């Protein structure tokens with residue numbers, strides 16, 4: 001590069017961008033807030049909570065597990081009660097919201113296909129299929145005809161690969177999204193007890209692995225398949241962290257329990273507000289799986305050997321051995337939902353002890369957004385500092401070279417010719433290295449800001465100011 005061109009080299013400037021929380025796109029469904037409210041049975045997340053979350057731009061989810069316990073004939077006609085109750089809750093949620101409504105259905109329950117059929121008939125926006133692998137007997141043609149999206153819930157990249165490969169081979173399609181649930185989730189867990197505290201199974205390690213796995217199917221099927229992180233996500237900082245790891249959305253359940261719109265009794269919600277970290281324990285459920293719950297007298301009595309009096313309405317889960325069980329899990333959870341904690345207990349995520357008060361859903365979503373934006377601002381400012389330091393070093397190097405070259409052209413040319421030649425070579429190499437670093441920083445900076453553009457509309461509604469003071473690359 002000539003001295004003339006070098007002296008006129010334009011230095012990239014910085015300007016203020018407008019940023020917003022990224023949307024969660026699942027097929028043609030677009031949630032303006034990338035938060036899925038986790039499905040919580042028995043009766044914890046129904047139409048009330050789901051519609052409130054959907055109205056705030058997230059994805060509200062009705063839990064289908066033992067939903068028939070809301071009906072008077074559950075103990076005499078369990079399957080029909082489940083179907084009837086689910087249909088009622090979907091219709092109710094639709095009447096309360098025009099947002100995205102989903103249904104969480106456990107693959108392991110004996111009426112899985114019946115519940116899935118109800119969701120299809122009601123043209124639910126999306127079904128989340130967990131507690132098992134949704135492989136055989138999935139009515140794909142009906143699902144696609146109804147415009148229903150499907151998101152399996154997995155706990156490993158291997159499980160994701162198995163589901164996607166099976167669907168691709170047998171149904172000539174793949175799921176529309178995938179939820180990755182880590183071991184910090186509440187309720188029944190898809191991990192062995194020895195794996196729950198093993199860092200190797202932490203959600204931070206699971207997400208990149210599943211993202212990499214799903215990318216192969218995205219390329220093969222020419223579609224975008226968002227990965228949704230779940231299990232232990234508590235605040236906006238966590239949301240930002242998992243986006244950085246490749247997730248396109250997050251699923252949160254525990255935080256939404258402590259909301260006024262949650263469908264459980266206030267006494268149930270208070271167990272979250274009042275519990276301590278040591279109160280959150282791993283239990284062995286009657287269905288043969290480990291689960292995370294808030295310790296109380298009911299669980300203490302069970303641990304001491306007490307066998308509760310209960311009646312099994314019908315064998316809703318193959319893995320449940322009612323004859324040897326100390327209590328009915330559905331009955332205990334339903335009692336807790338009603339506030340009868342002496343005869344039941346609350347499932348909860350690992351961070352339930354951090355919940356301080358019961359708030360409205362809109363307040364919670366606003367808080368999560370504000371925390372997320374704070375992390376975006378922090379990360380961008382840090383990147384700007386590094387970028388500006390690189391620019392400063394480059395400008396100093398450029399000016400030094402120009403000054404040296406000008407001196408050499410005049411009186412020092414004969415004396416310093418050899419030195420300048422070596423200096424020019426050294427400068428070219430250093431200049432090349434600096435430009436490579438600058439280009440890398442610019443790319444990283446641009447990628448970061450791609451996710452956080454156009455904030456003005458969101459900030460004017462949810463924040464005190466209409467614009468975050470964040471830097472961006474010019475041009």
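The values are calculated or read from the model by the stated rules, or taken from the named source; none is laboratory data. Since we're looking at a predicted model, the values are computed, not measured. Reconstructed Cβ throughout: ideal geometry from the backbone, glycine too, with neighbour counts over all protein chains shown.
Structural remarks
- Candidates 234, 243 - the one that is touching a helix residue (DSSP H, G or I) at 6+ places or on another chain (Cβ under 9 Å), farther than 25 Å from residue 48 by Cβ and surrounded by 15 or more Cβ atoms within 10 Å (Cβ to Cβ): 243
- The residue that is modelled with the highest pLDDT, among those in region 180-193 that are closer than 12 Å to residue 289 by Cα and not in a loop (DSSP other than H, G, I, E, B), is 187.
- Matching residues, region 57-71, being surrounded by fewer than 24 Cβ atoms within 10 Å (Cβ to Cβ) and either touching a strand residue (DSSP E or B) at 6+ places or on another chain (Cβ under 9 Å) or at pLDDT 95 or above (or both): 57
- Within this structure, residue 195 fails the test of being in the same structural domain as residue 61 (by TED's automatic domain parsing), touching a residue at least 24 places away in the same chain (Cβ under 8 Å) and surrounded by fewer than 21 Cβ atoms within 10 Å (Cβ to Cβ).
- Failed condition for residue 204, given (1) in contact (Cβ under 8 Å) with a residue 12 or more places away in the chain; (2) over 14 Å from residue 179 (Cα atoms): (2)
- Flag for residue 232 being on the phi > 0 side of the Ramachandran plot, assigned to a loop (DSSP other than H, G, I, E, B), touching a residue at least 40 places away in the same chain (Cβ under 8 Å) and within 17 Å of the chain's Cα centre (by Cα): yes
- Put simply, of 177, 185, 160 the only residue that is within 17 Å of residue 61 (Cα to Cα), crowded, with 18+ Cβ neighbours inside 10 Å and in contact with a strand residue (DSSP E or B) (Cβ under 6 Å, 6 or more places away or on another chain) is 177.
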